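Contents: one structure, followed by commentary.
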Amino acid sequence: MISDVLKESEDRMKKCLVSLETAFNRIRTGRAHPTILDSVRVNYYGSEMPLQQVANIIVEDARTLLISPWERKMMQEIEKAIMRADLGLNPSNNGDVIRVPMPMLTEQTRRDYTKQAKAEAENARVAVRNIRRDANSQCKDFLKEKAISEDDARRAEQNIQKMTDSYIAIIDKKFTEKEADLLSI
C-alpha cells in the first residue's frame, strides 16, 4: 500500500520535471536550438502538423536554424506558421531552404525570459508539493482505516518529504542553470 503511494508519487514528480524541461525549452536563450520551434504547427493539406513532421530542422551555426521542407510547395506554409507562432523570429526563404536567424536578446528580454523561467520553476515546485499533499492524505486515510500503523504512516510521510525535497532541489538546480544560460551574453 505505502509502496504504491510512494511509487505513484515519484512517477508524478518525474512528470513534473519533464514538464518543466519542456517549458524551459520553449524559452529561447539567443542560441539556435531546434526545440524552439516545437510549438510551430504547419497547415499540411488541411490538417495541422508539427513542423518536425513536415521538415528537417538543423542548427546551421550558433545563431541560425536551417529548415529543409520535405516538399518544396510547403515553404510558404512553413514560413507563415513560424510567423503565426509569435516567437519573435523572421524566417527567410532562398527557394531551397528556410533560414531562421536568432535575434540578439536585449537586457530587458533576458530579464523577462528569466521571470518566465522563474514562474515555470515555481509552478513545478507547487505541483510537487501538491503531489506530496495527496500522498500524505492517502497515508492518513490508510491510518484511519487501520490499514497501517502510526509508525508506518510517520515513516511514509518522512519518505514522501525526502522525495519532495530532492525533487524541489532538482527543480532549483534546473532553474539556476536556465537563469545562468539566459543571462550569459
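Taken together, the values in this text are just the output of simple stated rules run on the coordinates, not laboratory data. These numbers were taken from a predicted model, which means no experiment stands behind them. Quick reminder, even Gly has a Cβ in these numbers, built from the backbone with ideal geometry, and neighbours come from all protein chains shown.
Data for the structure
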{"item": "Approximate spin-label separation N94-E71, in nm, with each point projected 7 Å along Cα-to-Cβ", "result": "2.5 nm"}
{"item": "Out-of-range pairs (alpha-carbon distance over 20 Å; input K15/K146; K115/K174; K15/K173; K15/K162; K15/K174; K14/K178)", "result": "K15/K146"}
{"item": "At R0 = 25 Å, FRET efficiency that the Cβ-Cβ distance of E177 and L6 yields, to 0.05", "result": "0.35"}
{"item": "C-alpha center-to-center spacing [region 1-74, region 137-166] in angstrom", "result": "37 Å"}
{"item": "Sorted by Cβ density within 10 Å, fewest first, the residues M74, M1", "result": "M1, M74"}
{"item": "Selected from I82, N123, V100, residue furthest toward positive end of dipole (region 78-138; charges at beta carbon)", "result": "N123"}
{"item": "Spacing of the two label points (7 Å from each Cα toward its C-beta) at K162 and E122, in nm", "result": "3.1 nm"}
{"item": "Pairwise FRET efficiency - T22 versus Y45, Cβ, R0 = 35 Å, nearest 0.05", "result": "0.80"}
{"item": "Distant alpha-carbon pairs in region 54-185 (separation over 24 angstrom), percent", "result": "57 percent"}
